Amino acid sequence: MLYAKYTKMRSIKIKDKKAQLKIQEMSFMLVAVVILFVLAGLFFVNIKYRELHKAAVEAEKEKAISTVIKIADTPEFMCSSSKSGCIDTDKLIVMQERQAYKGFWPVTSLSVRKIYPSNDSELEIKCTKNNYPNCNIFKIYGEEKETISTFVSLCRNEKDTETGLMYEKCELGKVLAGFEPGK
Amino acid sequence: MKNASLERFWLVLSQENKMKRIGKISKKGQHEIVGFILIVVIVVVIGLFLLVFYLRQEPVERQSSDIQNFLQSSMRYTTSCAINYAPEYSSIEDLIKSCYKNENQECVDERKVCEAVNETLSELVPESLQVDPEGKINAYSMFIYYEDISEADEENGSKEEIQKQEILRLSEGNCTGSKTGAEHLIAYHPGNIVASIEICYI
C-alpha cells in the first residue's frame, strides 16, 4: 500500500519535472522568437530611418539650390535677356570683392565658376579686370566652405574674331554658395 | 527451476518495457526535431522573401532641380555653329530645333547641324557632370525627342496618344546605384521637343 503510494508520488514528481522542462523549453522558444522579430523590426526601422534621413537631406539641398537660383536671378547678376538661371559675367567682374554685399544674401560665401568650356590646364584662374574673360572663377565674397552649387548660364557680349561683330556668348557655369553648417 | 524461469520472464518483460520507452522517447525527439526544422524553414523562407522583395525594388528615380538647372543652362550654351551668318552662333536649343526641322541643315562652316549638336553635347555633358566609371557619377543617358500629343477619338471616348520621334540619343557608362534625372521642354508647334537626362550616381 505504502509502496504503491510512494511509486505514484514518484511518477507524479517525474511528470511535474517533465512538464516544467517543457514549459521552460516553450518559454525559451518564445523568447527566441520575440528576439528574432524585434531584430527584424529594428533592421527595417533602421532602413526606413536611413531613407527618411536621405530624403530630408535631399529636401534641404533642393531648398538651398532654389536660394542659389534666387540669388542668381537678382538684378545684380541677371543677364539682360532676363532669363532665369542666367548670369551676366560682365556684371560679375564689377561685383567681385564687394564687402558691402556680405550679409545681403543669406549665404556666407558666393562665387561663380566656369565649367564648360574648361581651360586646358584646369588651373583655377581668378578673374580680374586684366585677365577677363580668360579665367574661370569669380569670387564675390567669403571663403568657399560647405558650399551648395548649381548650374547656371554665364553669358557675356563678345567680339567675333573673324567679323569683328558683337554677339552674346553663353557658357556653362556653377554658382557656389556657402551655408552655415546645420542651417 | 520455476523461480529461474519466472526471473527470466520478468527480465524479458522489463527489457521490453525499456525498449518501448526508448522508442517512445526517440519518437518524441524526432517530432521535436521536425517541429524545430519546420520553424527554421518558415523563418528562413520569410527572411528570404523579405530580402528578395527589398532587393528587387527599383532604384529610386527622382527629379533633381540641380540636373534641371544643368539641362536648362546647357540648352543656352552658345555653339560654334552659325546657321545664317557669323557671328550669329546658335544655342544648343536652336540647333536641336533646326536639326528636327531639317536633318540636312548645315552650319556656315558646312558642318551638319545634327552633327554639331551631337559633338557639342557629347563633350559638354560628361565634362560638366564629371562622368567617370570610378567616380560619383558613373553613367548618364540623354534622350532628345519630339513629342506630339494628339487626341484620337475612339468611339467618342477621346484618348491621348503620344507620338515620339527620336532626335538624338547619347549615353556613357554602366548604370549602377541610384538614378536621378530631369526633363527640359522646348516648345515646337504643335508639340514639344523634350530633352531628358538620366544620371546614375553612387
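Miscellaneous remarks
- Taking chymotrypsin sites (Phe, Trp or Tyr not before Pro) across the range B:72-177, the ones in a DSSP loop with at most 14 further Cβ atoms lying within 10 angstrom of their Cβ are B:Y85.
- Separation of the alpha carbons by more than 20 angstrom is noted, of A:K13/B:K27; B:K101/B:K164; A:K15/B:K28; A:K54/A:K139; A:K15/B:K27, for A:K13/B:K27; A:K54/A:K139.
- Backbone amide hydrogens, once placed in the peptide plane, bring A:M78 within less than 5 Å of A:D88, excluding anything fewer than 5 places away on its chain.
- A straight Cα-to-Cα reach below 14 Å connects A:K159 with the aspartates and glutamates A:D90, A:E168, B:E88, residues fewer than 8 places away in its own chain not being considered.
- Peptide B:63-71 has a mean shielding of 6, counted as Cβ atoms of other protein chains within 10 Å of each residue's Cβ.
- In plain terms, the residue of B:D148, A:D88, B:D109 with the fewest other Cβ atoms within 10 Å comes first and the most crowded comes last, giving B:D109, B:D148, A:D88.
- Given charges at Cβ of Lys, Arg, Asp, Glu: the protein assembly as shown dipole, positive-most of B:N17, B:V113, B:I46: B:N17
- Mean Cβ neighbour count within 10 Å, used as a protection proxy, ranking A:67-79, A:168-180 highest first: A:168-180, A:67-79
- Here the dipole of the range A:1-81 is about 1540 debye; that uses its Cα centre as origin and unit charges on the Cβ of Lys and Arg (positive) and Asp and Glu (negative).
- Cβ-placed point charges (K, R +1; D, E -1), dipole of the range B:61-201 about Cα centre in debye, nearest 20: 380
- Calculated mean residue ellipticity at 222 nm for the protein assembly as shown: -16000 deg cm²/dmol, from DSSP H runs with n ≥ 4 weighted as -39500 (n - 2.57), summed, divided by the residue count and rounded to 500.
- With respect to chain A, whose longest principal axis is taken over its alpha-carbon atoms, helix A:2-72 is tilted by about 10°.
- Taking the charge dipole of chain B about its Cα centre, with +1 at Lys and Arg Cβ atoms and -1 at Asp and Glu Cβ atoms, the residue from B:Y145, B:I167, B:A4 reaching farthest to the positive side is B:A4.
- Principal axis extents of the C-alpha atoms in the range B:97-202 (largest first, rounded to whole Å): 54, 41, 17.
- Pairs exceeding a 22 Å alpha-carbon distance, out of A:K114/B:K112; A:K145/B:K136; A:K145/B:K179; A:K129/A:K174: A:K114/B:K112; A:K145/B:K179.
- Around the Cα centre of the range A:42-111, unit charges on the Cβ atoms of Lys, Arg, Asp and Glu (plus for the first two, minus for the last two) sum to a dipole of about 260 debye.
- Nonlocal amide H pairs with A:T108, under 5 Å, H built at 1.01 Å: A:G178, A:F179, A:E180
- Burial ordering of A:S27, A:S111, B:S80, fewest other beta-carbon atoms within 10 Å first: A:S27, B:S80, A:S111
- HN-Hα J in Hz across the range A:137-151 - Karplus 6.51, -1.76, 1.60, θ = phi - 60°, x for Gly and Pro: 9, 10, 9, 7, 6, x, 9, 6, 9, 6, 9, 10, 10, 8, 7
- Other protein chain Cβ atoms within 10 Å, averaged over every residue that makes up A:29-38: 1
- Per-residue mean of C-beta atoms belonging to partner chains within 10 Å, peptide B:43-51: 1
Taken together, the values in this text are just the output of simple stated rules run on the coordinates, not laboratory data. The shown structure was predicted, so the numbers you read here are calculated from the model rather than taken from an experiment. No Cβ is skipped: glycine too gets one built from the backbone with ideal geometry, and neighbour counts run over all protein chains shown.
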